[in-house]
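This report concerns only the one structure given below.
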Amino acid sequence: MVPGLRCPTCLVWLVHWGGYWRWLRAPLLIERIWIRRGRCAVCRRTHALLPDLVLARRLDGVAVIGHGIALRVIANVGLRPIAAQLDVPHSTVRTWWHCFRARSPTTLARCSALAVALDGSAVMLATDGERAALDALEVAWHRAQIRFGDAVGGLWRFWSRVSGGEALGTNTTSPWAGGSGADWMAASPFGGDVLERRIH
Ligand SMILES: [Zn+2]
């Protein structure tokens with residue numbers, strides 16, 4: 001059994017089902033990390049279990065991506081200076097920003113819902129657009145820390161986990177954390193049957 005991971009469709013526990021290597025670009029190096037796969041005994045689909053330090057189909061660690069997004073949204077830094085500062089290609093930062101913008105209404109809605117589920121009080125934001133999406137993420141993260149403590153980890157790993165690794169995904173039906181449960185505390189299951197493709 002894979003600890004803490006259930007089939008997103010059938011909700012039964014996954015059993016270990018091998019894995020695969022994927023690339024991760026970290027500061028000063030590109031390394032390969034092992035991605036475990038689990039298999040559902042009911043529907044027989046396999047799911048990749050993405051560690052929360054990465055996002056699906058993104059070469060860079062989620063903390064690097066999050067830092068870049070925050071520089072753009074909060075500090076209003078241009079995409080080229082961000083790319084230079086993070087030492088990643090300009091086209092990569094552009095892709096992150098494009099996906100984050102496209103996804104910000106979903107991020108705002110899902111993070112607000114999660115924050116409300118965590119402590120029952122409404123989320124009041126004085127911001128809108130991409131800033132509101134980031135603010136809602138932070139509110140949900142703070143509430144998760146109050147409820148679950150240090151196990152929640154850093155903001156960007158939380159972002160990866162609650163989005164099922166699809167924080168910058170283009171699939172609108174991806175498995176964001178919904179209810180008040182702590183299913184999202186484990187690594188992010190994503191996809192079924194297919195391996196990650198086209199890592200950017
Ligand atoms: Zn299943």
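Odds and ends about this structure:
- Single condition Glu130 does not satisfy, out of (1) part of a loop (DSSP other than H, G, I, E, B); (2) surrounded by 15 or more Cβ atoms within 10 Å (Cβ to Cβ); (3) not aromatic (Phe, Trp, Tyr): (1)
- Residue match in segment 52-66 (condition: among the β-branched types (Val, Ile, Thr), over 16 Å from Gly169 (Cβ atoms) and either at pLDDT 95 or above or surrounded by fewer than 21 Cβ atoms within 10 Å (Cβ to Cβ) (or both)): yes
- Test for Val15: is it outside any strand (DSSP E or B), over 23 Å from Trp159 (Cβ atoms) and within 16 Å of the ligand (Cβ to nearest atom): no
- Here Arg80 passes the criteria (1) of a type in the set (Lys, Arg); (2) out of contact with any Phe, Trp or Tyr (no Cβ under 8 Å at 6 or more places or on another chain); (3) within 16 Å of the ligand (Cβ to nearest atom) except the one numbered (3).
- For segment 37-57, the tally of residues that are at negative phi and not in a strand (DSSP E or B) stands at 10.
- Every condition in (1) free of Cβ contacts under 8 Å to residues at least 40 places away in the same chain; (2) touching a strand residue (DSSP E or B) at 6+ places or on another chain (Cβ under 7 Å); (3) within 16 Å of the ligand (Cβ to nearest atom); (4) within 24 Å of Val152 (Cβ to Cβ) holds for Leu24 except the one numbered (3).
- Test for Ala63: is it small (Gly, Ala, Ser), outside any helix (DSSP H, G or I), under 30 Å from His16 (Cα atoms) and under 14 Å from the mean Cα position of the chain (by Cα): no
Results for (1) basic (Lys, Arg); (2) buried (at least 24 other Cβ atoms within 10 Å of the Cβ); (3) modelled with pLDDT under 85, shown as yes or no for each residue.
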{"site": "Ala140", "(1), (2), (3)": "no, yes, no"}
{"site": "Val152", "(1), (2), (3)": "no, no, no"}
{"site": "Leu155", "(1), (2), (3)": "no, no, no"}
{"site": "Arg161", "(1), (2), (3)": "yes, yes, no"}
{"site": "Asp183", "(1), (2), (3)": "no, no, yes"}
{"site": "Val194", "(1), (2), (3)": "no, no, yes"}
{"site": "His200", "(1), (2), (3)": "no, no, yes"}
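- Here Gln145 clears all of (1) out of contact with any Leu (no Cβ under 8 Å at 6 or more places or on another chain); (2) closer than 26 Å to His47 by Cα except the condition numbered (2).
- Unmet criterion (only one of (1) surrounded by 19 or more Cβ atoms within 10 Å (Cβ to Cβ); (2) at pLDDT 95 or above; (3) touching a Lys or Arg at 6+ places or on another chain (Cβ under 9 Å)) for Gly78: (1)
The values are calculated or read from the model by the stated rules, or taken from the named source; none is laboratory data. This one's a predicted model, so the numbers in the text were calculated from it and none came from an experiment. A quick note on method: Cβ atoms are made from the backbone with ideal geometry, for glycine too, and the neighbour counts reach across all protein chains shown.
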